[in-house]
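Below is one structure, written out as structure tokens, with a few remarks after it.
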Amino acid sequence: MLSDLQRETRDEEIWKIKILSEMQRLKISFYFWREKTNNNLSYTSLMGPDKLKILKEFDLSAVFQSKTRAEQIRALWNQFYKLYLLMQNKTTTKKIFCHESQAWLDAFLAPSTGHPNKNNFVRGMYRTQDVTPYIHVLVNHVGEFLEIHQEFGLAAFSCSAVEKKNHMQVCLYFQNTLKDGGHENSQKSAILEMLEHENQQLYFALNETPNFFEAPKKFRLE
């Protein structure tokens, strides 16, 4: 959505105020700020319930100047919410979900219509380059997951452990490796450094060995 707003108007303060106003209406805590290091625009990372509320209730027409664009994105969001409900429903079959998810992808990649210099021009949605791995899984694999695990439903599964592992690996890369740098005679792959670090942590845990030592205490005798 932000990329669409940035294309619609260069003055980001206009749409930032509109978004914040709409978030306030939905009673969702949301902020924009500029990073000190690179001045990039950042914003609050929302959790599941807030994301779902935005998906269902966010008034896009209050943010976009183009009514057509607001309607296009709202239709896309509504289709995505339908997919969310299908995933929650244990009776959803692979055939139904694959059909609906493919329809959503077709809408996501809808091309422009009409002539760019005429009034009948309607800008398309997004490019094939904008299709993320998450979208690939949604369209090509979730239907299969629903078929295999229909007894339990997708709600019984969680990727939080994978996300946590990814977060830990990123932190480890920046905090405990030389990022593929270092002296040329002792240069080591960052991946190898991370694996060695994890092996050490496993050894310490299995052998009940402390992985740190307290600094020695000094006493002054008078």
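The values are calculated or read from the model by the stated rules, or taken from the named source; none is laboratory data. From a predicted model like this one, the values you see are computed outputs, not experimental measurements. Virtual Cβ from ideal backbone geometry, glycine too; neighbours counted across all protein chains shown.
Structural remarks
- Within the range 125-147, the set of residues being of a type in the set (A, V, I, L, M, F, W, C) and at pLDDT 90 or above comprises MET125, VAL131, ILE135, VAL137, LEU138, VAL139, VAL142.
- Taking the range 1-106 as the region of interest, the helices (runs of 4 or more DSSP H) fully inside it that hold 2 or more residues being of a type in the set (Lys, Arg) are 12-25, 48-57, 67-88.
- Residue match in the range 117-140 (condition: in a helix (DSSP H, G or I), among the polar types (S, T, N, Q), exposed (fewer than 10 other Cβ atoms within 10 Å of the Cβ) and within 18 Å of the chain's Cα centre (by Cα)): yes
- Residue match in the range 84-92 (condition: surrounded by 14 or more Cβ atoms within 10 Å (Cβ to Cβ) and of a type in the set (A, V, I, L, M, F, W, C)): yes
- Evaluation of ILE73 against (1) of a type outside the set (D, E, K, R); (2) modelled with pLDDT of 90 or more; (3) on the phi > 0 side of the Ramachandran plot (one fails), failing number: (3)
- Across the range 13-39, the qualifying residues are those that are of a type in the set (Asp, Glu) and at pLDDT 85 or above, and the one among them that is farthest from ALA62 (Cα to Cα) is GLU13.
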